[in-house]
1. Scan the range 180-198 residue by residue and report those that are at pLDDT 95 or above and surrounded by fewer than 14 Cβ atoms within 10 Å (Cβ to Cβ).
2. I need the full set of residues from the range 146-167 which are aromatic (Phe, Trp, Tyr), farther than 11 Å from Asp202 by Cβ and within 18 Å of the chain's Cα centre (by Cα), in order please.
3. Show the residue pairs meeting these rules: Cβ distance below 9 Å; 6+ apart or different chains; first residue within the range 80-100 and within 18 Å of Leu123 (Cβ to Cβ) and without any contact (Cβ under 8 Å) to a residue 60 or more places away in the chain; second residue hydrophobic (A, V, I, L, M, F, W, C) and part of a helix (DSSP H, G or I).
4. Give just the number: which of (1) buried (at least 17 other Cβ atoms within 10 Å of the Cβ); (2) not in a helix (DSSP H, G or I) does Leu126 not satisfy?
5. Got at least one residue in the range 197-205 being within 15 Å of the ligand (Cβ to nearest atom), closer than 17 Å to Arg12 by Cβ and part of a strand (DSSP E or B)?
6. Given the criteria among the β-branched types (Val, Ile, Thr), within 14 Å of the ligand (Cβ to nearest atom) and assigned to a strand (DSSP E or B), does Val18 qualify?
7. Can you find a residue that is exposed (fewer than 13 other Cβ atoms within 10 Å of the Cβ) and among the polar types (S, T, N, Q) anywhere in the range 70-91?
8. Going residue by residue through the range 134-145, is there one that turns out to be under 18 Å from Pro24 (Cα atoms), within 14 Å of the ligand (Cβ to nearest atom) and at pLDDT 95 or above?
Amino acid sequence: MTHDSVTAPGERTTVGPVLISARPYANYLTQFALTDADLLAGPVLDCPGGASDFAAEVRARGGQAVSVDPSYGLEAAELTAAIDAGRERVSTWTRTQPDRYSFDENGVWEHAPVWEATARRFLDDLARDRAEGTGHYRDALLPELPFADDSFALAVSGFLLFTYADQFDNAFHLAAVRELLRVAAEVRLHPLSDSSGVPYPDLDTLLGILSAEGVTARVLVVPGTSDPRENRTLVLTRG
Ligand SMILES: C[S@@+](CC[C@H](N)C(=O)[O-])C[C@H]1O[C@@H](n2cnc3c(N)ncnc32)[C@H](O)[C@@H]1O
């Protein structure tokens, strides 16, 4: 998809179909308002993990973390190509919205080299996991996760729910959140807007249904990571 061929400069558009992004561990700490210590308190789920090194970095610090993503069913070469294609697509798309994103002196989106390096760390860790059979990367799809109730102290879910509101309906969002809350005592979601910056329109309805089911919700204001304006994180806990 070539967004810049159909988009006037400055026009807000969404990034298009779901891509496999590679936000680094440091972005996760910021966007989910977490510290290293928080992540050592109990098992952590990253869903969707994409090509992030988050879980590998939690494990490197002595924690327990598992990543879930449907892309983990792909062979290494196919997965690498999909990650590269996603990064190129989002880089091209950012150039259509220069008021939202920053670029280096060569016009390269500032996060492109970071995502590339993060994806390399992820792919190395995935290869090691596959060779050793440690099961840190699970090929699965929301809204059905292959874990028992209460398997995790915390689940983090970034840049799938709300981000792709044009591709997933309200029923999917509700089922996915319920599933994350089934397997984890606390769930953190970020951001709460789609990729064009439009806040998820049915958030209040979603939270009303969850509240009736005993779920407590808090919205944190956090520094944005890829887009400085995407600064809200939802924290959900079961009653
Ligand atoms: C934009 S990436 C986010 C990855 C990571 N959280 C990050 O911030 O870099 C979205 C990911 O969602 C995955 N995905 C798509 N549909 C999914 C589903 N139904 N359940 C879980 N993950 C899904 C995609 O494969 C993709 O890797």
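1. Correct list: empty.
2. Taking the range 146-167 first, the residues aromatic (Phe, Trp, Tyr) are 147, 152, 159, 162, 164.
With farther than 11 Å from Asp202 by Cβ added as a condition, the list becomes 147, 152, 159, 164.
If the condition is that a residue be aromatic (Phe, Trp, Tyr), farther than 11 Å from Asp202 by Cβ and within 18 Å of the chain's Cα centre (by Cα), then Phe152, Phe159, Tyr164 are the ones that fit.
3. Thr80/Ala119; Thr80/Leu123; Asp84/Ala119; Glu88/Ala112
4. Every listed condition holds for Leu126 apart from (2).
5. No, the range 197-205 contains no residue that is within 15 Å of the ligand (Cβ to nearest atom), closer than 17 Å to Arg12 by Cβ and part of a strand (DSSP E or B).
6. no
7. No, the range 70-91 contains no residue that is exposed (fewer than 13 other Cβ atoms within 10 Å of the Cβ) and among the polar types (S, T, N, Q).
8. Yes, some residue in the range 134-145 is under 18 Å from Pro24 (Cα atoms), within 14 Å of the ligand (Cβ to nearest atom) and at pLDDT 95 or above.
The values are calculated or read from the model by the stated rules, or taken from the named source; none is laboratory data. Owing to the predicted nature of the structure, the values given are computational and were not obtained by experimental measurement. Cβ sites come from the backbone with ideal geometry, for glycine too, and all protein chains shown count toward neighbours.
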